[in-house]
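What follows is a single structure, written as structure tokens, with notes after it.
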Ligand code: HEC
Ligand code: HEC
Ligand code: HEC
Ligand code: HEC
């Protein structure tokens, strides 16, 4: 009997409380939590299948400016350009060839231009075996000194094959040595490593990205 008397009061109070809560939620009194930062996708540059360099052969295929390769636009066909050395027997590269920065090997052993270029016909390359190669066939030149690496390349263990495995769909293209190595300074430039698997914790990823940026961590 006693309880029954209080039921309408309790129900009314509850109704008032719920209506109040509904109003509070509706008017967003506490505000929403800040939206999660968008999870960054993998840097597109890391998915790019292009090689680090474009070779002479690539420039021919793309019909681009080949004036750097027009040796006899500047040189005299009748006499090979003289090689000049400083007092330490280091080759002096003339300012006209400032893009040619020699650093082939750690001992400066392969800095003589005519180890590779043919002094009697600058538009060709000449490996030690005396063959004359077109500039676009430079991989054969590299192979004449780097036999084991060339064999690895030929069998697909060194370098990269772009294109198709199924050659009915399109060509499988072996990238040339000079697509990755600068013939004059062939040491491969370091690359930023790709990020690890995503943890779905944005703050975590930001920390790791910062870590990867900072040169002191390796
Ligand atoms: C824009 C003009 C120009 C072009 C194009 C050019 N050269 Fe030269 N090159 C020069 C000049 C100038 C020198 C210095 C000549 C001298 O000292 O008598 C030189 C010097 C050289 C030397 C001697 C380098 C040294 O350290 O002493 C070589 C080798 C050479 N050139 C090769 C080539 C080859 C190979 C090509 C084509 C792929 C080429 N050059 C295209 C202007 C050019
Ligand atoms: C005339 C012989 C000769 C030719 C041709 C030649 N190399 Fe080399 N290469 C060498 C020598 C010698 C070294 C240095 C080995 C050492 O320092 O221990 C070397 C070192 C290298 C290295 C190691 C990186 C470095 O700087 O130590 C790479 C990569 C390389 N060559 C790539 C090439 C490519 C690509 C070509 C073709 C464009 C080529 N080489 C053509 C003789 C040659
Ligand atoms: C290890 C072999 C090698 C040596 C040594 C070498 N070159 Fe080259 N050089 C090449 C190859 C291969 C190419 C064509 C690269 C390509 O396809 O991109 C080339 C391209 C060039 C070009 C045209 C493209 C450019 O970068 O301007 C010039 C000019 C040139 N070399 C000058 C020289 C001179 C000068 C020297 C000596 C100081 C020299 N090279 C030493 C292999 C060599
Ligand atoms: C797809 C790119 C690519 C191509 C194509 C390529 N290389 Fe390399 N090469 C590399 C990389 C990356 C390294 C390792 C560099 C490092 O460890 O710092 C390397 C290392 C080398 C070295 C150093 C010694 C060694 O074996 O560790 C030589 C020499 C060399 N390459 C020669 C060649 C020759 C010759 C060719 C062509 C027949 C060629 N490369 C084609 C990317 C390439």
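Calculate for the chain the 222 nm mean residue ellipticity that helices alone would give, adding -39,500 (n - 2.57) per DSSP H run of length 4 or more and normalising by residue count, nearest 500 deg cm²/dmol.
-9000 deg cm²/dmol
In a GNM of the chain with a 10 Å cut-off on Cα contacts, which of 197, 171, 186 has the highest mean-square fluctuation?
Per the Cα network of the chain with a 10 Å cutoff, 197 tops the list.
Using Cα-Cα distances under 8 Å and only pairs 6 or more residues apart, what relative contact order does region 44-180 have, in percent?
The value is 22 percent.
Given labels modelled 7 Å from the Cα in the Cβ direction, how far is it in nm from residue 5 to residue 77?
12.4
Considering only 42, 16, 100, give the residue with the highest GNM mean-square fluctuation for the chain, with springs between Cα atoms whenever their separation is below 10 Å.
Maximum fluctuation in the GNM of the chain, among the listed residues, is at 16.
Once the piece of chain linking residue 54 and residue 38 is laid out straight, how much longer is it, given 0.36 nm per residue of separation minus the C-alpha distance between them?
Net length gain for the segment: 2.2 nm.
Note the direction-averaged projected area, equal to a quarter of the hull surface, for the Cα convex hull of the chain, in nm².
Answer in nm², one decimal: 26.7.
Hey, with R₀ at 45 Å, roughly what FRET efficiency would residue 174 and residue 86 work out to, going by the Cβ-Cβ distance, to 0.05?
0.70
Need one number: nm distance between label points at residue 128 and residue 192, each 7 Å from Cα along Cα→Cβ, rounded to one decimal.
It works out to 4.1 nm between the two label points.
If we sort 75-85, 155-165 on the protection proxy, mean other Cβ atoms within 10 Å, highest first, what's the order?
Those peptides, ordered most packed to least, come out 155-165, 75-85.
With a ≥ b ≥ c the root eigenvalues of the C-alpha gyration tensor of region 114-174, is it rounded (a/c under 1.5), prolate (a/b larger than b/c) or oblate?
It is oblate, given that a/c is not under 1.5 and a/b is not larger than b/c.
Quick note: the coordinates plus some simple rules give every number you see, no bench work behind them. All of these numbers come straight from a predicted model, not from anything done at the bench. Cβ: placed from backbone, ideal geometry, glycine included. Neighbour counts: every protein chain shown.
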